[in-house]
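The values are calculated or read from the model by the stated rules, or taken from the named source; none is laboratory data. Nothing here was measured: the structure is a model prediction, and the numbers come from that model. Glycine gets a Cβ as well: all are built from the backbone with ideal geometry, and neighbour counts include every protein chain shown. Just the protein is used for accessible areas: all its heavy atoms, side chains included, with ligands, DNA and RNA removed. Shrake-Rupley method; radii C 1.70, N 1.55, O 1.52, S 1.80 Å.
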Amino acid sequence: MVGGMPLGIEDYAIVGDLHTVALIGRNGSVDWFCLPRYDSEACFANLLGDEHGSRWLLGPVGEPGTDYRAERAYVPGTMVLQTTYRTETGEVRVTDVMPTGDRRADLVRRVEGIRGTVLMDHQWVVRFDYGKVRPWVRRLRRHFETGPEEVIVATAGPDKLILAGPRLPRAHGGRHEDRFEVHEGDMLDYSMTWVPSYRDVPAPIDIDRRVADTLTEQRAWAEHVAYEGPHRDEVIRSLVTLRALTHEDTGGIVAAATTSLPEEFGGERNWDYRFSWLRDAALTVETMVGTNRAELARPWRNWLLRAIAGDAEDMQIMYTVDGSRQLPERILEHLDGYAGSRPVRIGNGAVEQRQTDVVGEVLNALSVARHAGLKETKESWSMQRALVANLARTWQQADNGIWEIRGPQRHFTHSRVMVWVAFDRMVDGVESFGLDGPVEEWRELRDKVRDEVLSQGFDSERNTFTQHYDTTEVDASLLVLPLVGFVAGDDPRMLGTIAAIEADLLRDGMLVRYRTASGIDGLAGDEHTFIACTFWLVSAYTMAGRLDDARDLMARTTALCNDVGLLSEEYDVAGSRMAGNFPQAYSHLTLVQAARLLAAAAPQMAAS
């Protein structure tokens, strides 16, 4: 936040329109907003230390917790955020919503006076290109069928933003600022709209109708979720969040809404997650399918067909939201970073990496969708055959692994297990669905991979699977082995692996991914505990029969959700704060996975 310490990552919520999301702080400030798409350039970049403080603030004068109290909640089952502010003089409610279904890019902010009088602060500071480009700003008075309307228009390059409302802030030294009182019974509607700069200012939306339609559509979506087990509220919010990270037109699914929120505060482990990783997207699809959302696999499968295109050897581990391949990593020198954490990166150099496990995750997700009723097409099965044919030729190569290690490539055990998954799911496609393919070859390769993992990826002295073939270190990704069916959850080798992971990777009751002190990742510094890995441990406990441990860890980890049910990538236990990009799809999908396993293992808990 400009002018002081930044808000905690946990102090943010999101609203979205299935094309992008806005991060809104507890203080009413939109501090991160990329338009018109998740991976577009940001027009508000205050989150990452923009010296201009580019943001849209609409909240009480003062600081949260000192001058006012803020209570936030989503309208159940939706992405519509309501924040109630209480001051010594009164109470107001701000409702934030991005209407869905009309392919417009609007953010609506409704201010309602509930009690007394509240002095509101209104700041609108636009800087395009991640806070770098100052726009041409002008006030216009336009006439529509609904009557005349005054708007502020900010234009630069390809972008145009239009701010509309009953009392618009005035320009002061390149900023638009205002203070106004809201009295009991007042209702003021503000809206901001993005359009390409060559287009005219569009007609205003019917806010009442569009908000009502959005609430109806989003509630209906949530009501179709088939889950009634423990932690249902967290599961529903996680699924709604995963949907918010899914682009409705292309089917692309982003890993997170932000870039460069630090894994270590003040360190260099800052990455851009606003892209569609095949792994994260596949696991998101698998999660959605498992909660009665099989139809959501089809648009992603179509996206996958377009992204991979004609040559499986050219498959990347990630793409942009529309399936484009170019996302070079570069550093934005003009941004100071969140809490001084530099560098700020856009793009992601990991796109050039070899991550063998990705094919296994993709084929597993498509197998889950197949079993849920999604029919294969000639093109979709042909794509899967091409992927596994290329894997058959290349699976023995070392890779960078699931954690995108920037050190030397290794033979990572998790990667090898996911190679086994790839061949296994293709065998199942033939055996269970009558699909065509060289099933004997796939069976032979499946068995060969399994034998190799058991002989080279297992430390018999310690009775644990290992991070890679040339180490005795363990890795939290090994907890996935029973989840994908490689070993039983109560297999002695898996029980030994859980014990080794507990001994080496637990920090204050949560897991780190691996020991950074081993030097495996080629980066300086450390990182905080990884939320998804901790949910994997919940799942591993469940499959090992340690239900009491699973329930306890599940309760403690879901308690890390912020006040509106969102999770970041990591958690700083010592500092009691979130770390890493936010909200993180991996954290939310593993929450759902763990809850479903607990519900299945302990049906008596379903009513609790």
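Some notes on this structure:
- Hull volume per residue, based on the alpha-carbon atoms of region 156-242 and their convex hull, is 202 Å³.
- Cα-Cα pairs of region 350-447 separated by more than 20 Å (percent): 35
- Protein-only accessible surface order, largest first, of Asp208, Asp470, Asp549 at 1.4 Å: Asp470, Asp208, Asp549
- Summary value for region 491-567: 23 percent relative contact order, contacts being C-alpha pairs under 8 angstrom separated by 6+ residues.
- Solvent-accessible area per residue for the chain (1.4 angstrom probe, square angstrom): 36
- Taken over region 260-357, the percentage of Cα pairs per 10 Å bin, counting from 0 up to the bin with the maximum distance, is 15, 37, 29, 17, 2.
- Loop sites by DSSP among the trypsin sites (Lys or Arg not before Pro) of the chain, restricted to those with at most 11 other Cβ atoms within 10 angstrom, leave 376-608 as the longest stretch without any of them.
- Each residue of region 372-387 is assigned a 3J(HN,Hα), and the resulting list reads 8, x, 6, 6, 6, 9, 4, 5, 5, 6, 4, 4, 5, 5, 5, 4 Hz, derived from the Karplus form 6.51 cos²θ - 1.76 cosθ + 1.60 (θ = phi - 60°), x at Gly and Pro.
- Cα-centre dipole for region 1-75 with unit charges at Cβ (Lys and Arg positive, Asp and Glu negative), debye to 20: 180
- Whole-Å distance, taken between Cα centres, linking region 39-66 and region 552-606: 27
- Tail weight of P(r) past 25 Å, computed on alpha-carbon pairs of region 97-232, percent: 39
- Each of Leu598, Ala550, Val151 was scored by the projection of its Cα onto the charge dipole of the chain, and the greatest displacement toward the positive side belongs to Val151; charges sit on the C-beta of Lys, Arg, Asp and Glu.
- What you get for region 145-287, charging only the Cβ of Lys and Arg (+1) and of Asp and Glu (-1), is a dipole of about 340 debye around the Cα centre.
- Ellipticity estimate at 222 nm from DSSP helix runs (n ≥ 4, -39,500 (n - 2.57)) divided over the chain, nearest 500: -10000 deg cm²/dmol
- Working from the Cα coordinates of region 485-545, the gyration tensor eigenvalues give, after taking √(5λ), semi-axes of 24, 12, 10 Å in decreasing order.
- Remark: relative contact order (region 466-608) = 20 percent; criterion is Cα-Cα distance under 8 angstrom and separation of 6 or more residues.
- Rounded accessible area of His371 (nearest 10 Å², 1.4 Å probe): 110
- Per residue, the average separation of C-alpha pairs within less than 8 Å and at least 6 apart gives region 45-195 a relative contact order of 24 percent.
- Convex hull volume per residue, computed on the Cα atoms of the chain, equals 149 Å³.
- The largest-to-smallest principal axis extents of the Cα set in region 160-300 are 50, 42, 36 Å.
- 0 to 90° range, to nearest 10: angle between helix 413-433 axis and the chain longest Cα axis: 80
- Cross-link partners of Lys160 among lysines (Cα-Cα below 22 Å; sequence separation of 8 or more within a chain): Lys132
- In a reduced charge model with +1 at each Lys and Arg Cβ and -1 at each Asp and Glu Cβ, the chain shows a dipole moment near 1140 debye about its Cα centre.
- For the chain, with +1 on Lys and Arg beta carbons and -1 on Asp and Glu, the positive-most of Ser460, Val240, Ser54 along the dipole: Ser54
- GluC sites (Glu not before Pro) restricted to region 302-343 and DSSP loop, no more than 11 other C-beta within 10 Å: Glu333
- Accessible area of the chain belonging to carbon and sulfur atoms, whole % at 1.4 Å probe: 47
- Coil-residue GluC sites (Glu not before Pro) of region 23-114, DSSP, other Cβ within 10 Å capped at 14: Glu51, Glu88
- Along region 211-226 the Karplus relation, 6.51 cos²θ - 1.76 cosθ + 1.60 evaluated at θ = phi - 60°, assigns HN-Hα couplings of 5, 4, 5, 5, 4, 5, 5, 6, 4, 4, 4, 5, 5, 8, 6, 9 Hz to successive residues, with x for each Gly and Pro.
- Shape call, region 1-123: gyration tensor on alpha carbons, a/c limit 1.5: oblate
- Distant-in-sequence amide H partners of Ser197 (H built 1.01 Å from N, under 5 Å): Asp159, Lys160
- Scalar couplings 3J(HN,Hα) for region 345-356, obtained by applying the Karplus form with A = 6.51, B = -1.76, C = 1.60 to θ = phi - 60°, are 10, 10, x, 8, x, 5, 4, 8, 6, 9, 10, 5 Hz; x denotes Gly and Pro.
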